[in-house]
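Asks: Please read through the structure below; I'll follow up with questions.
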Amino acid sequence: MDTRLLEYFLAIAREENITKAAESLHITQPTLSRQIHDLEKDLGKTLFNRTGRKTTLTQDGEIFKKRAEEILTLVQKAKDELSSTNTQLHGSIHIGAGETYQMKQITDLLSTIHQEHPSVTYRLYSGVADDVLEKVDTGLLDFALVFEPVQKEKYNFIEVPSYDQMGVLMCDDHPLARKDQITYDDLYQMELLVSTRSEINDTAFVSRLKNDSAMHIIGSFNLIYNASLMVSSHLGQAITIKDIAPRLPHLIWKPITPEINAKLVLIWKKYEVMTPLHQLFLDEIRKLYSQA
């Protein structure tokens, strides 16, 4: 399949109008209509609903859109990788991660690489573990920083020497805010918000919380920013790791005791052929972690 067809398809999906899409692509409307008709015929699926002037995606079109975007990203990624040599590094480093302050070590390293190789670019994807791992599996991400447990047999990996600590985000006027640490028994006095992220849910601590019928869990979240707004509105207290919540007025984070730590690993696909740029990144990250 010609990648131009994918670009044509995505232009219509973006503009929701064939005439506008044709103008953005600098081709005629009949040519674009014919190309999309041939694409639908080839796939045996209707990709668009055509109602008056508006052209919207069908359910099959939504599925195809995701794959079309991935294919074009991989094509560009391949071009970037081939442009790099041992003497002059080009291309991009694609990294995925969940919410963790340990990403700061990696961003500091990327900054150092950028100073020495200014033509290198960076693609950072933030999301929940399932999304990040899917993108590693499909080749859209070169590396990912994820919480354990992870299926290590599927990936090459480096264990991160530092870790994230679990605690509670609350308003500073909460009755327990004066305590230095929060015990498990203290949590019975709270209205809790818990993460839906699989890597957090897989921890024994969060599993224990969710299975404790006496615990008052009033809601859930996947990423912490909006959850912190709920906390600031006195709508619960969030179980979250240290240093990732935004610094909003009147919010404080308290560690849970006994201390609960979330460990991380940097992963990449097994049997992946390393470009000079990616090998440089790996060499530097190994050096960084060995010094920690």
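Asks: What per residue convex hull volume, in Å³, do the alpha-carbon atoms of the stretch 107-240 yield?
Replies: 156 Å³
Asks: I would also like to ask the following. Please list, ordered by chain and number, the residues whose modelled amide H lies under 5 Å from the amide H of TYR125; skip anything fewer than 5 residues away on the same chain.
Replies: ILE95, GLY96, ALA97
Asks: Can you compute the FRET efficiency between MET1 and GLU134 using 1/(1 + (r/R0)^6), with r the Cβ-Cβ distance and R0 = 22 Å? Round to the nearest 0.05.
Replies: 0.50
Asks: Please list TYR289, TYR122 in order of solvent-accessible area, largest first, computed with a 1.4 Å probe with all protein chains present.
Replies: Putting TYR289, TYR122 in descending order of accessible area: TYR122, TYR289.
Asks: [x] 25, 21, 20; [y] 42, 19, 18; [z] 42, 28, 16: which one is semi-axes √(5λ) of the Cα gyration tensor in Å as calculated from this entry?
Replies: Label [z] holds the value from this structure.
Asks: Determine the alpha carbon to alpha carbon distance for each of LYS41/LYS65; LYS79/LYS269; LYS152/LYS287; LYS179/LYS242; LYS104/LYS287; LYS79/LYS152 and list only those over 25 Å.
Replies: LYS79/LYS152
Asks: Here's another thing I want to ask about it. Counting alpha carbon pairs within less than 8 Å and at least 6 residues apart, what relative contact order, in whole percent, applies to the chain?
Replies: 20 percent
Asks: Taking the simple approach of a point 7 Å from Cα along Cα-to-Cβ for both THR257 and ARG123, what is their distance in nm?
Replies: 4.7 nm
Asks: Under 5 Å between amide hydrogens, which residues at least 5 positions from ASN17 or on another chain qualify, with H placed 1.01 Å from N in the peptide plane?
Replies: THR55
Asks: Given 4 °C and 1.567 mPa s, how large is the Stokes-Einstein diffusion coefficient of the stretch 1-111 in µm²/s, with Rh as the Kirkwood radius over Cα pairs?
Replies: After rounding, the answer is 78 µm²/s.
Asks: Ignoring ligands, DNA and RNA, what percent of the accessible area of the chain is carbon or sulfur (1.4 Å)?
Replies: On the chain, the fraction of accessible area on carbon and sulfur atoms equals 49 percent.
Asks: Find the accessible area per residue for the stretch 144-265; the probe is 1.4 Å, ligands and nucleic acids are left out, and the unit is Å².
Replies: Normalised by residue count, the accessible surface of the stretch 144-265 is 50 Å².
Asks: Which of the trypsin sites (Lys or Arg not before Pro) across the stretch 5-95 are loop residues per DSSP, with 16 or fewer other Cβ within 10 Å?
Replies: Sites meeting the loop and neighbour criteria: LYS45, ARG53.
Asks: Still on this structure, please answer the following. Quick check: pseudo-label points 7 Å beyond the Cα along Cα→Cβ at THR73 and THR112, how many nm apart are they?
Replies: 2.8 nm
The values are calculated or read from the model by the stated rules, or taken from the named source; none is laboratory data. Note that the structure is a prediction, hence the values are computed from the model and not measured. Cβ sites come from the backbone with ideal geometry, for glycine too, and all protein chains shown count toward neighbours. Surface accessibility is based on the protein's heavy atoms, side chains included, excluding ligands, DNA and RNA. Shrake-Rupley method; radii C 1.70, N 1.55, O 1.52, S 1.80 Å.
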